[in-house]
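Notes follow once the structure below has been shown.
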Amino acid sequence: MSAYGYEIAQTLIVDIEPDVHVKRAMNEINAAARMRVAANEKAEAEKIQQIKRAEGEAESKYLSGLGIARQRQAIVDGLRDSVLGFSVNVPGTTAKDVMDMVLVTQYFDTMKEIGAASKSSAVFIPHGPGAVRDVATQIREGLLQAAHQ
């Protein structure tokens with residue numbers, strides 16, 4: 001246009017229509033970029049879900065442990081009160097006699113629970129006049145060993 005005395009300083013192009021193949025390639029590039037971003041976001045969301053799930057499970061186990069510890073403490077407190085009460089009300093008994101009686105009771109309760117459980121298939125428990133004494137001796141020895149460690 002300069003041959004005719006015109007100089008074009010700027011021009012506004014409003015409607016560009018590239019070739020169909022070029023258009024398709026550009027769209028595929030944009031789609032691939034959006035898919036990468038979406039995949040990253042999805043992976044981050046799954047990671048957060050796994051972390052939250054693990055945190056929830058850890059909290060659940062912690063609270064379960066607290067509950068078990070409190071339950072055991074209540075059992076120990078109850079046993080202590082029972083031993084003291086029984087020793088006072090039945091002269092001539094010792095704490096060992098009462099604990100032996102409690103162990104026998106718990107032994108029979110355990111056997112009853114095992115027998116009543118629908119999921120148990122077979123459990124072999126030595127049973128006889130000496131079996132309860134043997135179990136009580138084993139428990140007592142285990143408690144003494146644990147106390148010395």
Report the one residue of Val88, Ala74, Ser2 whose Cα lies farthest in the direction of the positive end of the charge dipole of the stretch 1-116 (charges on C-beta: Lys and Arg +1, Asp and Glu -1; origin at the Cα centre). Val88
Using a 10 Å Cβ count of at most 10 others and DSSP loop calls, identify the longest part of the chain lacking such chymotrypsin sites (Phe, Trp or Tyr not before Pro). 7-123
The stretch 53-149 shape via C-alpha gyration tensor axes, a/c threshold 1.5: oblate
Asp134 versus Ala122: modelled label distance in nm, points set 7 Å from Cα along the beta carbon direction: 1.9 nm
Please give every one of the aspartates and glutamates within straight-line cross-link reach of Lys96, meaning a C-alpha to C-alpha distance under 17 Å, and leave out same-chain neighbours fewer than 8 residues apart. Asp77, Asp81, Asp134, Glu141
Unit charges on C-beta of K, R, D, E only; dipole of the chain, Debye: 540 debye
Which residues does a label at Leu63 reach in the stretch 39-56, if reach means a backbone N under 11 Å from a point 7 Å past the Cα toward the Cβ? 56
Dipole magnitude of the stretch 15-91 about its Cα centre (Cβ charges: Lys, Arg +1; Asp, Glu -1), debye to nearest 20: 380 debye
Can you list the lysines whose alpha carbon sits under 28 Å from that of Lys119, skipping same-chain ones fewer than 8 residues off? Lys61
Tell me the Kirkwood hydrodynamic radius of the stretch 15-91 in angstroms, computed as one over the mean inverse distance between distinct C-alpha pairs. 18.9 Å
What aspartates and glutamates does Lys52 reach when the alpha-carbon gap must be under 16 Å and sequence neighbours fewer than 8 apart in one chain are set aside? Glu44
Say each of Val76 and Gln49 gets a label point 7 Å from the Cα, pointing the same way as Cα to Cβ; how far apart are those two points in nm? 4.3 nm
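Each reported figure results from applying straightforward, stated rules to the coordinates on display, with no laboratory input. This one's a predicted model, so the numbers in the text were calculated from it and none came from an experiment. Neighbour counts are summed over all protein chains in view; Cβ atoms, including those assigned to glycine, are modelled from backbone coordinates with ideal geometry.
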